[in-house]
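The values are calculated or read from the model by the stated rules, or taken from the named source; none is laboratory data. Note that the coordinates shown come from a computational prediction; the quantities given were computed from them, not determined experimentally. Here the Cβ is made from the backbone with ideal geometry for all residues, glycine too, and neighbour counts use every protein chain on show. SASA here: full protein model, heavy atoms, side chains in, ligands and nucleic acids out. Shrake-Rupley method; radii C 1.70, N 1.55, O 1.52, S 1.80 Å.
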Amino acid sequence: MRTSWLKATTAVMALGAGLAATPLRAEDMPTQGGTIVVTYKDDMATLDPAIGYDWQNWSMINGLFSRLVDYKFGTTEIVPSLAKSWSISPNGLVYTFTLDPKATFTNGRNVTAADVKYSIERSVNPKTQGPAGGFFHSIVGQDRMADGSAATIAGIEAPDEATVKFTLAQPDATFLNVLALNFASAVPKEAVEAAGADFGKHPVGSGAFRLDEWVPGQHLVFSRNTNYFRDRPQIDGFRVEIGQEPLVAVLRLQKGEVDIAGDGIPPAKYLEIKNSADAKDTIVDREQFETSYITINTAKKPFDDVRVRQALNMAINKERIVRIINGRAMPATQVLPPLMPGYDASYKGYPYDVAKAKQLLADAGLKDGFSTTLYAMNTDPNPRIAQAIQQDLAAVGIKAEIKALAQPEVIAAGGNKDQSALTWSGGMGWIADFPDPSDFYGPILGCGGAITGGWNWSWFCDKGFEDRATKADAMSKPEDKDARYGVWKAIFTDIQAQQAPWVPVFNERRVVARSKRMGGPDQIYIDPTRVIDYEAIYVKK
Amino acid sequence: MPLILARRLAQAAGILLGVALVTFLLLHYLPADPAALVAGRSANAQMIANVRHQLGLDLPLPLQFWRYLTGLAQGNLGRSYIQRSEVAALIVARIPATLVLMAAGILVEVALGLVFGILAAVQRNSFADRLVMTLAFVGVSSPQFVVALLLLYVFAATLGWFPMSGFGTLRHVVLPALTLGLLGAGWYARMVRSAMIDVLNQDYVRTARAKGLSWRRVVLRHALPNAALPIVAMIGIDVGQFMGGVVVVEAVYGWPGIGQLAWQAIQQADVPIIMGVTLVSSLFIVMGNLLADAAAPILDPRIRGR
């Protein structure tokens, strides 16, 4: 069966429909030109697509490089990019891509099939010290490259300059999503080797932008790649200023010195801006693929008793926690966020019911409560949220000591089977790498993530769910898409209803501040897969 | 003198080695795992182990420290785990801004401290003296972030006289330097005042006055030099302290100094940067003190013989 790219899309129709339903005013039509200023507090980490994996560099790497496939802006629909077409074998194991001959790197050379192979191998290569290797697990030979026993991945072939062929070890419904990740970006081998370990500071790609200047600690300047093989972007370039306190960035934005305050609006300033006359033009406030949750270490007494975990779920007043963050979230009922395919709108989760929670604890033999530890990040508002959780737990007789730590220390505590107890994930709640429910399982609820230093802080590892997850991901035929989402929906609902390894607390919306001269729909400022879509944003006439 | 200098340099090297060892040990026992951070949130056990091996974090601790020291001897501070570039390059990139702010901050605090210290000493126990001393007290006890945000809000955000953040022109440096200066001037004012009051009561000052010299000349020529020694010692301390980074001021004004780099690295458990910044700022503190000590005999003939 040959499948055209259109049929192979994994579009979430609701998103596409939402975009189409937003009519553009005449003065808000996309225009070509203009240079904008974007601010962030933290230094830019690397721009190496095999390594970069944070909020800041993700959008910029996305704009510097191209991948075989891409998402249509503002949506989760897969569209051609470096590959102008592709086919998938009937058994779902062989993907063959034909490259666009117009695609060139900014060093002038054509992008070839060998570059694609080299680039993915580089992402998997342990010597790269990147976070990407695991995403390509379906490809035959990925395991041998990842453990260092092979120098290439056998399952990626480049029979000629314009053809790339992937052979998978098992069908993988998310494979096109994986190829759209930044980690699959094409890089020219000669430029990587010339830059050595500093390729991330001197990136060469085939994307919409190129990096002109990078002054560490101060700013980066990107300009439009005039030889880009696709017909974007709109802006001529953007300047990223770093070391900017979010509060100062918002003040500067109000004065017109800054166009996008990348770190959003600090809580202290949020209500003032939200209630100001400019709010409609400056605040972009949108749902994202995110869930913030409390993990419960299922491997530790008394949390190994499901009644205790259910009691915790009923003890937390999520509405109050949402109020703490100025209502910038929706109380969560389940693991998946509402935007994600597979979200179960009919599942209402555990109600806030203190009496019932006490009853469950009493049934578990803990009538007099117990003491435990709650880990949380030390940046606002997380300590305040941790205190609210602490109070809710105290109301059912659980005495939780709060340990508010820097992010790396919370990760280390949660990822330590003996240390982990309760962990509030706020500030690092799970945000999907790609728009597929499976991404909410493996690293955070699957056995593979239940490792020291991993992110499965519930240490939840259930053979039955593991088998169901594996079966769901093997349903890779496009016509099975909805059925597969149904399987995932049942998995997540059952996990919460039967095992309750988490207290899903809220789905946080992302808030970005933009200047009044910036145009375009909200979804290109908070794109579901790119964060800020530098290719699509524009300056109004 | 050369002997003393050599001894002081050897002491300085010893201090730096001690700092390196203590910091290394503290960071080793930091409850965070750099290998897991580098390997990312979707890593499996093998990926984390690979990274640990690549970073040399699976070696015995003494060997890790030895490797760090041998690197250090060659001027190699290692590579950042998060920013993936040479720590030395990251620090060097931030030295110009740090130096500018250090110099400007010290200039403002010394200038203010001198003016108000002299005023207070000459008008001792007057209203002006009490006012200056009260302000000095308020200055040294004010939190940096309050003063920094206040100045920013009034002079940059509201009046628009200065840019709100960044680095590059003279206008950029005014507010950060003023923040440091206002907060530090109190120390200098108090010191100048007490050093001068001691002297103003002495016979030679009365003699100078008696032979008809103006107050101005007496104060500036005869009394003030006596305050020079403690001021220079204090500047030596400030040089070290400011070069170690003034985290809050840098954060508020988006000033690309060493403090920002350090603070960020601490939040991210970026061990090589924390090590590097600690060593470099220790180096500046040691150097600041050395220079202040070296300047003492030049300023005070009485020390020269010793």
Query raised in the report: Residues in segment B:249-275 that are open to solvent by 10 Å² or more (accessible area, probe 1.4 Å), more than 9 Å from chain A (Cβ to nearest Cβ) and in contact (Cβ under 8 Å) with a residue 40 or more places away in the chain: how many?
Result: 3
Requested in this report: List the number of the failed condition for A:Tyr485; all other conditions in (1) within 14 Å of chain B (Cβ to nearest Cβ); (2) part of a helix (DSSP H, G or I); (3) not charged (D, E, K, R) hold.
Outcome: (1)
Query raised in the report: Among the residues of segment B:22-58, which ones are surrounded by 16 or more Cβ atoms within 10 Å (Cβ to Cβ), more than 7 Å from chain A (Cβ to nearest Cβ) and over 19 Å from A:Met428 (Cβ atoms)?
Result: B:Thr23, B:Phe24, B:Leu27, B:Ala49, B:Arg52, B:Leu55, B:Leu57
Query raised in the report: With respect to the numbered conditions (1) within 26 Å of the chain's Cα centre (by Cα); (2) more than 24 Å from A:Lys477 (Cα to Cα); (3) not in a loop (DSSP other than H, G, I, E, B), which one is the sole condition not fulfilled by A:Gly207?
Result: (3)
Report summary line: Taking first residues from segment A:435-446 that are within 12 Å of chain B (Cβ to nearest Cβ) and second residues anywhere that are hydrophobic (A, V, I, L, M, F, W, C) and part of a helix (DSSP H, G or I), the pairs with Cβ under 6 Å that are 6 or more apart or on different chains are A:Tyr441/A:Ala469
Report task. Report those helices (runs of 4 or more DSSP H) wholly inside segment A:245-319 carrying at least 1 residues which are more than 14 Å from chain B (Cβ to nearest Cβ). Result -> A:267-274, A:279-282, A:306-315
Query raised in the report: Which one of A:Ile61, A:Ile51 is open to solvent by 10 Å² or more (accessible area, probe 1.4 Å), within 10 Å of A:Asn182 (Cβ to Cβ) and under 16 Å from the mean Cα position of the chain (by Cα)?
Result: A:Ile51
Query raised in the report: Counting only residues that are touching a helix residue (DSSP H, G or I) at 6+ places or on another chain (Cβ under 8 Å) and open to solvent by 10 Å² or more (accessible area, probe 1.4 Å), which one in segment A:491-514 is modelled with the lowest pLDDT?
Result: A:Val511
Report task. Check A:Gly237, A:Gly207 and return the single one that is touching a strand residue (DSSP E or B) at 6+ places or on another chain (Cβ under 9 Å) and either within 14 Å of another protein chain (Cβ to nearest Cβ) or open to solvent by less than 40 Å² (accessible area, probe 1.4 Å) (or both). Result -> A:Gly237
Report summary line: Of (1) modelled with pLDDT of 95 or more; (2) within 14 Å of another protein chain (Cβ to nearest Cβ); (3) open to solvent by 50 Å² or more (accessible area, probe 1.4 Å), A:Gln419 satisfies every one except (1)
Report summary line: If we ask which residues in segment A:383-416 are within 13 Å of chain B (Cβ to nearest Cβ), without any contact (Cβ under 8 Å) to a residue 60 or more places away in the chain and assigned to a helix (DSSP H, G or I), their number turns out to be 7
Requested in this report: Considering only segment A:119-177, state which residues are in a strand (DSSP E or B) and within 13 Å of chain B (Cβ to nearest Cβ).
Outcome: none
Query - Restricting segment B:158-195 to residues that are within 14 Å of another protein chain (Cβ to nearest Cβ) and open to solvent by less than 20 Å² (accessible area, probe 1.4 Å), the residue that is nearest to B:Arg94 (Cα to Cα) - result: B:Gly166
